[in-house]
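Structure record follows, encoded as C-alpha cells.
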Amino acid sequence: MASLKDLRNRIASVKATQKITKAMQMVAAAKLRRAQAAAEAARPYALRMNKVLANVGASAQGNPSASPLLIGNGRDKTHLLIVCTAERGLCGAFNSSIARLARDKAKSLMEEGKTVKIICVGKKGQDLLKRQFDKQIIDFIDLRGLKNISFADADGIGQKVIKLFGAGEFDVCTLFFSRFRSVIQQFPTGLQLIPAQIPQGDNVGTTSYTYEPDEEDILSTLLPRNISTQIYSALLENAASEQGARMSAMDNATRNAGEMIKKQTMQYNRTRQAMITKELIEIISGAEAL
C-alpha cells in the first residue's frame, strides 16, 4: 500500500499535469480560430480553380499533346506520396491517421509491384513512416520555423514536385492530409495531384467560355499553380485539423486528470482514516492493558 506521502506526491503531480493540459487546450482553442478562418478562406479559391481547370481541361484531355501534368506521362510505375503531418504531437490520432492512410496506400502499391517514393512534410510523419519506409523517403520538409503557412511555402513544395516529375522521377503523385470539418471531426484524405483530377458530372460548370490565349497556354500556367494551390489548401486544412485535434485531446486529458485526482484523493482519505483508526485502536488497547 502506498504511503500518505506517496499519495500526496501523486495528487500534486496529476494536478500539475492538469494545469498544463488545460493551458494547452486554451492555446489550441485560440490558434484554432485563426487556422480555421484561414482554411475556410482558401476553400473558395481552390474550388473555383478546380472548376476553371475542369472547363479548360475538358477539351484538352483527349489531346495527345496536352500537358503531362493534366493527362500524365502514360506510365503508372512509380508513385510519389506527399505526406503532410504536424511538427508536434499531443494532438490525439491526428498524425497517426494520416500516416496510416499513406502507409496503406504504399503497401498496396508495393504489393502490385510498383515503386513508391515518399516526401514527408512535417516531422511526425517522418517519425511514423521511417521505420517501415526509410528507403522510400526521398525528402523531408521541415516547417517548424514557420509561425504561419504562406502560399510561398506551398509553392516551394509544388515547384519541387514539378521538377521531379519533369525529370521522370515519378509517374503519379498523391497528396495526403487531414481535411478539417470540426473540432471533433477531421478526415484523412488522399488527393491525386498528377495527373490532375478533373471534376466530373455535376461538379463541372456548364458555362462555355472562349479563352484567349488558347487552352494549352492557359493550362501551362494553371496546372503548376493548381498543384501549389492544392498543397497550400492541404497545409491550411492540416493546421486547422491539428489544433482541433489537440484541443479535443487536451480536453480529454484534463478530464481524465480530474478523474485521477478524485480517485487518488479518495484513496488518500481512506488510507489516512485507516491509519488514524489503527492508532486509536492501539491507544485504547494500551490503556485497557494498564
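Here is how the numbers come out for the structure above:
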read-out: The chain - mean residue ellipticity at 222 nm from DSSP helices (-39,500 (n - 2.57) per run, n ≥ 4, rounded to 500); value: -22500 deg cm²/dmol
read-out: On Cα atoms only, tilt of 94-111 relative to the major axis of the chain in degrees; value: 50 degrees
read-out: In region 209-290, chymotrypsin sites (Phe, Trp or Tyr not before Pro) in a DSSP loop with at most 14 other beta-carbon atoms within 10 Å; value: 209, 211
read-out: Accessible-area composition of region 53-182, carbon plus sulfur, in percent [1.4 Å probe]; value: 48 percent
read-out: The chain: most fluctuating residue of 137, 119, 261 per GNM, C-alpha cutoff 10 Å; value: 261
read-out: Tail beyond 25 Å, pair distance distribution of the chain (Cα, percent); value: 59 percent
read-out: Test item: Cα-centred dipole of the chain, Lys/Arg +1 and Asp/Glu -1 on Cβ, debye; value: 1540 debye
read-out: Estimated vicinal HN-Hα couplings, Hz - region 219-230 in sequence order (Karplus 6.51, -1.76, 1.60; Gly, Pro = x); value: 5, 4, 8, 6, 5, x, 5, 5, 4, 5, 5, 5
read-out: For residue 141, distant residues with modelled amide H under 5 Å away; value: 120, 121, 122
read-out: Binned Cα-Cα distances of region 1-150, short to long, each 10 Å bin given as a whole percent; value: 9, 22, 27, 24, 10, 5, 3, 1
read-out: Cut-off under 5 Å, modelled amide H: who pairs with residue 179 long-range; value: 187, 189
read-out: Phi-based couplings in Hz for region 13-25 (Karplus 6.51, -1.76, 1.60; Gly and Pro marked x); value: 5, 5, 5, 5, 5, 4, 5, 5, 5, 5, 5, 5, 5
read-out: Antiparallel bridges, percent of DSSP beta bridges restricted to the chain (to nearest 5); value: 35 percent
read-out: Over 19 Å (Cα to Cα) - which of 77/107; 31/130; 105/130; 15/147 fall in this group; value: 31/130; 15/147
read-out: Enclosed volume per residue, in Å³, of the convex hull spanned by Cα atoms of region 82-173; value: 98 Å³
read-out: Reachable aspartates and glutamates, given that their alpha-carbon falls under 15 Å from the alpha-carbon of residue 114 and they are not under 8 places away in the same chain; value: 76, 104, 169, 171
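The values are calculated or read from the model by the stated rules, or taken from the named source; none is laboratory data. Here the structure is a predicted model, which is why all the values come from computation and not from measurement. Quick reminder, even Gly has a Cβ in these numbers, built from the backbone with ideal geometry, and neighbours come from all protein chains shown. We work out accessible area using only protein heavy atoms, side chains counted, and drop any ligands, DNA or RNA first. Shrake-Rupley method; radii C 1.70, N 1.55, O 1.52, S 1.80 Å.
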